[in-house]
1. Only residues that are small (Gly, Ala, Ser), touching a strand residue (DSSP E or B) at 6+ places or on another chain (Cβ under 9 Å) and more than 20 Å from Ser298 (Cβ to Cβ): list them for region 191-213, please.
2. State all residues of region 1-24 that are out of contact with any helix residue (DSSP H, G or I) (no Cβ under 7 Å at 6 or more places or on another chain) and without any contact (Cβ under 8 Å) to a residue 40 or more places away in the chain; if no residue qualifies, say none.
3. Mind listing whichever residues of region 1-21 are over 20 Å from Gln114 (Cβ atoms) and of a type in the set (A, V, I, L, M, F, W, C)?
4. Could you list, in sequence order, all residues of region 281-292 that are free of Cβ contacts under 8 Å to residues at least 12 places away in the same chain and under 30 Å from Arg149 (Cα atoms)?
5. Which of the residues that make up region 4-41 are touching a Phe, Trp or Tyr at 6+ places or on another chain (Cβ under 6 Å) and of a type in the set (Gly, Ala, Ser)?
6. Identify all residues within region 305-319 that are in contact (Cβ under 8 Å) with a residue 24 or more places away in the chain, out of contact with any helix residue (DSSP H, G or I) (no Cβ under 6 Å at 6 or more places or on another chain) and either surrounded by fewer than 10 Cβ atoms within 10 Å (Cβ to Cβ) or in a loop (DSSP other than H, G, I, E, B) (or both); write none if there are none.
7. Name the residue that is nearest to Asp38 (Cα to Cα), counting only residues in region 186-209 that are hydrophobic (A, V, I, L, M, F, W, C) and surrounded by fewer than 24 Cβ atoms within 10 Å (Cβ to Cβ).
Amino acid sequence: MGFEYLITGGQGFFGAWIARRLLEEEASFVLTDLKPDDRVLRQVLGEEEIGSLNIRFGDISSGEFVQELVEEVQPSRIIHLAGLQVPTCKSDPVLGAKVNVTGTLNVFEAARRQEGGAGCVVYASSAAVAGPQEDYQHKIADNAAHSPRTQYGVFKLCNEGNARLYWEEHGLPSVGLRPLTVYGVGREVGITSGPTKAIRAALLGEEFTVPFSGVTGFNYIQDIADDFICASKRHEAGALALNTPGEIHDVREFLDLVEAEIPEAANRLHCEGGPVPVAWDCSESGLEALLGDVPHTSIEDGIRATIVEFEKLKARGLLSA
């Protein structure tokens with residue numbers, strides 16, 4: 001008998017929170033990642049929970065590794081999160097393509113070949129498949145035409161196209177989710193990690209500047225974890241690529257709410273630079289059709305929950321700049 005889930009990129013931000021939710025459900029799952037690195041897991045899970053995890057290490061860009069792993073784990077569902085963020089894809093596009101595109105193809109190919117079928121593949125696409133807000137005149141549908149402004153976004157759009165072909169040619173169902181600015185404990189890398197780092201800086205009594213401004217879509221990480229898990233359970237046919245816009249707010253509004261929760265941080269949190277070059281006015285109708293009630297934690301409640309999680313880490317001596 002196989003496991004219920006295989007989760008790639010399992011030591012990362014999304015992976016750690018999905019593992020936390022699956023542990024609460026007492027689901028069986030295997031995590032995989034490139035090499036041992038529990039820095040994010042230690043922020044999200046307790047020591048006993050980490051000790052209970054089943055983790056395999058290897059390179060997602062190796063087709064042989066992925067094929068052997070899927071054959072061994074025999075997952076009912078795959079949640080594919082492994083990938084490199086915007087800065088790395090910009091500085092080394094070849095490596096970015098190797099991990100983000102070839103790695104994703106390896107996952108789909110192994111799922112296609114799995115004896116008995118691997119069920120649904122739910123993978124991390126990104127709102128970065130879209131261009132900036134000024135590219136669009138109306139609310140942006142899931143199937144809108146996009147011209148991404150980053151290598152990362154181009155790679156994610158390529159993955160969506162390949163996922164569609166794996167359904168059309170091989171009958172492999174999939175869902176790509178497109179979150180924008182995801183925040184919460186464990187968010188360490190990427191352009192949109194700034195809001196989370198601002199909360200941490202506020203608790204540490206430090207000054208911090210988020211390197212972008214303007215309006216964006218904020219997703220609290222627990223909502224995103226629930227989106228991935230629920231999508232993997234409900235989707236059975238077709239290749240979907242779904243907007244995940246979250247709560248729409250200005251970055252300055254987010255920082256003002258952090259300062260309101262942590263008054264001693266007043267006037268120490270800033271934002272500068274232009275907006276993230278990714279549109280935010282996206283329709284959520286496809287996600288609603290799939291999930292029913294889409295989880296939406298308000299930024300007020302999400303900020304409070306993140307502060308509580310960071311305070312727990314501070315008490316354990318695990319909170320640092």
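1. Of everything in region 191-213, those that are small (Gly, Ala, Ser), touching a strand residue (DSSP E or B) at 6+ places or on another chain (Cβ under 9 Å) and more than 20 Å from Ser298 (Cβ to Cβ) turn out to be Ser193, Ala201, Ser213.
2. Scanning region 1-24 gives Ala19, Glu24.
3. Phe13, Phe14, Ala16, Trp17, Ile18, Ala19
4. Hits for region 281-292 are Glu288, Ala289.
5. Residue satisfying the conditions is Ser28 alone.
6. Result: Leu318, single match.
7. Only one residue fits best here, namely Val189.
One line per residue, one yes/no per condition, for (1) touching a helix residue (DSSP H, G or I) at 6+ places or on another chain (Cβ under 6 Å); (2) closer than 20 Å to Pro148 by Cβ; (3) part of a helix (DSSP H, G or I):
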| site | (1), (2), (3) |
| --- | --- |
| Asp226 | no, no, yes |
| Glu236 | no, no, no |
| Leu257 | yes, no, yes |
| Val276 | no, yes, no |
| Ala279 | yes, yes, no |
| Val294 | yes, no, no |
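FYI, it's all coordinate maths here, none of it is from the lab. Remember, predicted model here, so these are calculated numbers, not experimental data. Here Cβ is always computed from backbone atoms with ideal geometry, including for glycine, and neighbour counts include all displayed protein chains.
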